[in-house]
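The values are calculated or read from the model by the stated rules, or taken from the named source; none is laboratory data. What you are looking at is a predicted structure, and each value in this text was computed from that prediction instead of being measured. Cβ sites come from the backbone with ideal geometry, for glycine too, and all protein chains shown count toward neighbours.
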Amino acid sequence: MAGKRLIIPFFLNQEGCVRRCIFCNQHIISGAKKTDARSGLAETVAAYLATAGSRPDRTVQIAFYGGSFTSLELSKQNEYLRCGQQFIAQGVVHSLRLSTRPDSLDQDGCRRLQAFGVRTVELGVQSLNDRVLAVCNRGHDAAVALAAVKLVKDQGFETGVQLMLGLPGQSRESFQETVEKTIAAGPDFVRLYPAVVLRHTPWELRLGDADYQPLSLAAAVEWCGWALKVFKPAGIPVVRMGLHPSDGLIAPGNIVAGPYHPAFGELVKSYLFREKVIDILGKLVLDRQSRLEKGRRISVSVGLHRADVSAFVGHQRANLPEYCRRLEGIDIGWHVDRRQHRGEFACVANEGRLVDHCSVFS
Ligand code: SF4
């Protein structure tokens, strides 16, 4: 997705949903109140544009999120789309985007969306494992979801896939298989959401059952880190990891259980940095130590892109004690190195340079 983009979200609060997915409570996730399409959208767009200001190098999209847009009655879809189209006609918005269920799109529907200025379609795929889809009451199988990705791509939309991890009935293997099938389907971008148990959901009522336990935060970070490392070389950007901390979501009692963290994406990047640095330094320094006198300590400074320092030190500097604990005999520090790109680092020891460029994604 080239260029800067302002996305103005307008939440549908499960409008159009023909069934209730076991994990879903969009009223909590969005924190948005139900409003009239016309006035609500106008207010939302005006508020976003006023805060973000105007920038000539930026494209603006209105996004219809939090429901099953293409399952709405046609008259309701058209009402929303016409409202959006008016902002395009005024020149303040460039295009529309929406999220929807994979089983509610066909070729005619795609053409109609295009005619209204929709450029991006995000499919709530969640899993590509039939059993997980059934347990979650999705109402369609993986083949339907893959066919929808192909249709949306073939129709020329920018295509997004939303995946969840830690769903009821989902194993690590089935999540990995979902990621691999998603890569093969070739969307333009993905979003990764660790599944959390929300208040007033069918999942909440099943929490006592063994198959319905959410992931721990550590496991969710690790699964997501693995996925990020696989999507990256496949050229598929992960544009979001973790739920947005809306007022509704973080209100007391709304998250019943599960791996929620307001800075989940940062935790994943910090995890990847920590594990790669420890892996590389563990090998390189051990090798060097074996050639030096026993027991001698080695000082190493890790060279980082300026924007990666926080990922290296970790959320609330949690990585630093881990480096000390797991890299015995190494005094570790860091410096900003202009030669490093994002996600890369160099290691410099007091005896000389150990490694020039190492990617946390490889
Ligand atoms: S996950 Fe999507 S399709 Fe399922 S209930 Fe929520 S908004 Fe509707």
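Table for the structure above
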read-out	value
Lone qualifier among Leu113, Leu167 - being surrounded by 22 or more Cβ atoms within 10 Å (Cβ to Cβ), in a helix (DSSP H, G or I) and in contact with a Phe, Trp or Tyr (Cβ under 9 Å, 6 or more places away or on another chain)	Leu113
Hey, Asp188 crowded, with 16+ Cβ neighbours inside 10 Å, under 26 Å from Trp226 (Cβ atoms) and more than 16 Å from the ligand (Cβ to nearest atom) or not	yes
Residue check, Gly124 in a helix (DSSP H, G or I) and crowded, with 16+ Cβ neighbours inside 10 Å	no
Residues located in region 10-46, provided they are assigned to a helix (DSSP H, G or I), without any contact (Cβ under 8 Å) to a residue 40 or more places away in the chain and more than 24 Å from the chain's Cα centre (by Cα)	Ser39, Gly40, Glu43, Ala46
Those residues of region 145-160 which are away from the ligand (no atom under 13 Å from the Cβ) and without any contact (Cβ under 8 Å) to a residue 60 or more places away in the chain, in sequence order	Leu146, Ala147, Val149, Lys150, Leu151, Val152, Lys153, Asp154, Gln155, Gly156, Phe157, Thr159
Condition check for Asp103: within 16 Å of the ligand (Cβ to nearest atom), assigned to a helix (DSSP H, G or I) and not aromatic (Phe, Trp, Tyr)	yes
Flag if Gly66 is within 19 Å of Glu122 (Cα to Cα), free of Cβ contacts under 8 Å to residues at least 60 places away in the same chain, surrounded by 17 or more Cβ atoms within 10 Å (Cβ to Cβ) and over 25 Å from the mean Cα position of the chain (by Cα)	no
Failed item in (1) outside any helix (DSSP H, G or I); (2) touching a residue at least 60 places away in the same chain (Cβ under 8 Å), with Pro56 passing the rest	(2)
Boolean, Asn129 is under 25 Å from Asp211 (Cα atoms) and touching a Ser or Thr at 6+ places or on another chain (Cβ under 6 Å)	yes
Neighbours by Cβ (under 8 Å, 6+ apart or cross-chain): first from region 198-224, surrounded by fewer than 17 Cβ atoms within 10 Å (Cβ to Cβ); second among the charged types (D, E, K, R) and outside any helix (DSSP H, G or I)	Pro202/Arg20
Criterion (within 16 Å of the ligand (Cβ to nearest atom), closer than 27 Å to Leu243 by Cβ, assigned to a helix (DSSP H, G or I) and not polar (S, T, N, Q)) met by exactly one of Leu81, Leu133, Leu49	Leu133
Restricting region 267-286 to residues that are in contact with a helix residue (DSSP H, G or I) (Cβ under 9 Å, 6 or more places away or on another chain) and surrounded by fewer than 18 Cβ atoms within 10 Å (Cβ to Cβ), the residue that is nearest to Leu320 (Cα to Cα)	Glu275
Verdict on Phe87 being within 13 Å of the ligand (Cβ to nearest atom), in the same structural domain as His140 (by TED's automatic domain parsing) and farther than 23 Å from Glu204 by Cβ	no
Members of region 20-46 that are within 16 Å of the ligand (Cβ to nearest atom), surrounded by 13 or more Cβ atoms within 10 Å (Cβ to Cβ) and not small (Gly, Ala, Ser)	Arg20, Cys21, Ile22, Phe23, Cys24, Asn25, Gln26, His27, Ile28, Ile29
